[in-house]
Each structure stands twice: as structure tokens, then as C-alpha cells.
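Since the structure comes first, as C-alpha cells, the remarks are kept for the end.
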Amino acid sequence: MKRYTLKESFYSLQGEGVRAGTPAVFFRFSGCNLACNRSTHSFDCDTDFVGGEKWSAEELVERAHALGSDGCRWIILTGGEPALQLDAELIRTLKKAGYRLAIETNGTRELPEGLDWICVSPKVAEDRLAQRRADELKYVLREGDPLPQPTVEAKHLLLSPAFDGVTQETLETASPLPLANLRWCASLCLKNPPWRLSVQQHKLWGVH
Ligand code: SF4
């Protein structure tokens, strides 16, 4: 029986993107095929995706039932890079249990069919993206970064200001809002509709 390695799983609110505020069970998959940091990207990866526990598809259905409130129908597949492990069997099993599936991916792997919401957040050059279609396409930018020139087909185009150096301690003692990056992204959106601003609001809300 195939098993999937998850770093963690929890119930929370989607904090960013078009679906911000939606309650969902989060499955955070272990492992990533990239290593984003300030020397190669606009930001340092702030996600711990090393290690974790193994689960079968059926065990993940039980886990979603145990975590989510009655009426929660969304599961968000994230990571790390969830596309390294996600397959048709897991999609089929979770959907058979009545869940709708959203994914947050760096786009370097083509996704299986059957997902209900695809968020691609590119971290490599456009010509290295294998997933060519998305519901939302989200780029993380710092002050001074140019407006992206996407080649992926998407319904929504989002700019997300990088949160520089935010730790749990700074979250609890001071506003972590990355004002320079935020204002830069906002000005790019104002000059270039239909680009929209997407802030990692969960970091401000103090939820997971
Ligand atoms: S793709 Fe995402 S999870 Fe992977 S290293 Fe980059 S920021 Fe971190």
C-alpha cells in the first residue's frame, strides 16, 4: 500500500490568494525539489518540510475527518512540494470521501487530473514550469522586482509581498508587515490590472 509522507496536518483558514479566509484541512507534504533562498530568489524559504510521518490514503481521509469541523469540505495540499508525492489514487480517495482539493505548487511537476483549485507559485524560470494551467498564479516579490511575465494560463494573477525575516518571535512582538515590499506590489497592481495583491494574512491573523 502506498504511503505519503506529511510534515504536518492541521485545520485552519486559508491565509492568502483568492480563497483567503476559507476554512480547510491542510496536508503539508514533506520534501521539496527546490531550495529557495535570498541568493537565488526574492526570499528565504520559511517552511520546514524535512521529516514527517507516513500515511495511507485511507488514513488521510480519517485524519481529515478528525481535524475538520462538520461542514469543512476543503483540503489544501501543500508542502514542501506536494506534487512530488501526489498521485491519482490519493486524489480519488479524498474526493470519494466528499472533499474538494486545492493545491499549492511551485509548478515544476505536471499535476494529476481531478484537483478543484490549483495555485501555482513559480520559483523557477517560466520555461522550467511543467504545470501550464492554474486557477491562480502567485509570485512572491520584493521591492524593486519587475512585474512577472507569466506564460502559464491562469484565471487570477497575484503578487505577494515577501515577508523578510519573519519569525515566531517577531510575529508576537511587532507588526511583521513587510511595508516596502507590500507598497511595491500594491503599486505594480495599481499600474497593471488585472494583477491583484495577495498578502500572507495568516501571519497577521496569528493562525497556523
Ligand atoms: S518551492 Fe516553496 S517549499 Fe520549496 S524551497 Fe521554495 S519556497 Fe520552500
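The values are calculated or read from the model by the stated rules, or taken from the named source; none is laboratory data. What you are looking at is a predicted structure, and each value in this text was computed from that prediction instead of being measured. Counting neighbours? That spans all protein chains shown, and the Cβs are built from the backbone with ideal geometry, glycine included. For the accessible areas, the whole protein counts, side chains as well, though only heavy atoms, and no ligand, DNA or RNA atoms are used. Shrake-Rupley method; radii C 1.70, N 1.55, O 1.52, S 1.80 Å.
When the residues of the stretch 34-55 are filtered to those that are polar (S, T, N, Q) and over 19 Å from residue 104 (Cα atoms), which remaining residue is farthest from the ligand (Cβ to nearest atom)? Per the stated criteria, the residue is 39.
Listed here are the residues, each with its yes/no results for (1) over 13 Å from residue 79 (Cβ atoms); (2) out of contact with any helix residue (DSSP H, G or I) (no Cβ under 8 Å at 6 or more places or on another chain); (3) in contact (Cβ under 8 Å) with a residue 60 or more places away in the chain.
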site: 9; (1), (2), (3): no, no, no
site: 13; (1), (2), (3): yes, no, yes
site: 17; (1), (2), (3): yes, yes, yes
site: 20; (1), (2), (3): yes, yes, yes
site: 23; (1), (2), (3): yes, yes, no
site: 30; (1), (2), (3): no, yes, no
site: 34; (1), (2), (3): no, yes, yes
site: 43; (1), (2), (3): yes, yes, yes
site: 46; (1), (2), (3): no, yes, yes
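If you filter the stretch 137-147 down to residues that are crowded, with 17+ Cβ neighbours inside 10 Å and not acidic (Asp, Glu), you find that the one that is nearest to the ligand (Cβ to nearest atom) is 140.
Highlighted here are the strands (runs of 3 or more DSSP E) found entirely within the stretch 88-156 that include at least 2 residues which are at negative phi and of a type outside the set (A, V, I, L, M, F, W, C): 100-105, 133-141. Which of the residues that make up the stretch 118-133 are open to solvent by 40 Å² or more (accessible area, probe 1.4 Å) and either within 14 Å of the chain's Cα centre (by Cα) or within 17 Å of residue 79 (Cα to Cα) (or both)? Within the stretch 118-133, just 123 meets the criteria.
Checked against the criterion of being at pLDDT 95 or above and more than 16 Å from the ligand (Cβ to nearest atom), the candidates 89, 16, 104, 81 yield just one match: 89.
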